[in-house]
Amino acid sequence: MEEAYACIDVLKSARDLGFITVIIERDSLTIINKVNCSGIDRSLLRAHTKQVNDMRAFFSSLSFSYVGHSCNMVAHLLAREVRGSRGPRFWIEEVPPLVEQAALKEKWWVNPPI
């Protein structure tokens, strides 16, 4: 349920900030499969996955991808950064230094220098 709430919160924030192209990467394969499925969701998450899919209308491009724990150090560091804080925290242009270093490392892995 937490993963579904997180997707909804991210989409609301992206909508409110005026983003039109959004890529959401999560480490919950269940949520990714449910929001990407075009069939009827009969699970306990159906109200949440419906809300996520209803929000597609706000974006010209919206995609959901599964990213395993081992490939997602940036998300892990961000989650650790907000653990224990009150309310949501957002980073738009700058992130904590450790997170920035991890993002550069992951970017190198995706686009290695030639």
Hey, can you tell me all the residues within segment 1-13 that are surrounded by fewer than 16 Cβ atoms within 10 Å (Cβ to Cβ) and out of contact with any helix residue (DSSP H, G or I) (no Cβ under 9 Å at 6 or more places or on another chain)?
Glu2, Asp9, Ser13
Elements of type helices (runs of 4 or more DSSP H) contained in segment 1-113, each with 3 or more residues being touching a Lys or Arg at 6+ places or on another chain (Cβ under 8 Å):
2-16, 73-82
Among (1) surrounded by fewer than 16 Cβ atoms within 10 Å (Cβ to Cβ); (2) under 14 Å from the mean Cα position of the chain (by Cα); (3) not assigned by TED's automatic domain parsing to the domain that holds Gln101, there is one condition Leu62 misses while meeting the rest; what is its number?
(1)
If we keep just the residues of segment 14-45 that are of a type in the set (D, E, K, R) and exposed (fewer than 13 other Cβ atoms within 10 Å of the Cβ), which is modelled with the highest pLDDT?
Asp16
Does at least one position in segment 69-80 carry a residue that is exposed (fewer than 11 other Cβ atoms within 10 Å of the Cβ), free of Cβ contacts under 8 Å to residues at least 12 places away in the same chain and over 19 Å from Tyr5 (Cα atoms)?
yes
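The values are calculated or read from the model by the stated rules, or taken from the named source; none is laboratory data. Because the structure is a prediction, the values reported are computed rather than measured. Here the Cβ is made from the backbone with ideal geometry for all residues, glycine too, and neighbour counts use every protein chain on show.
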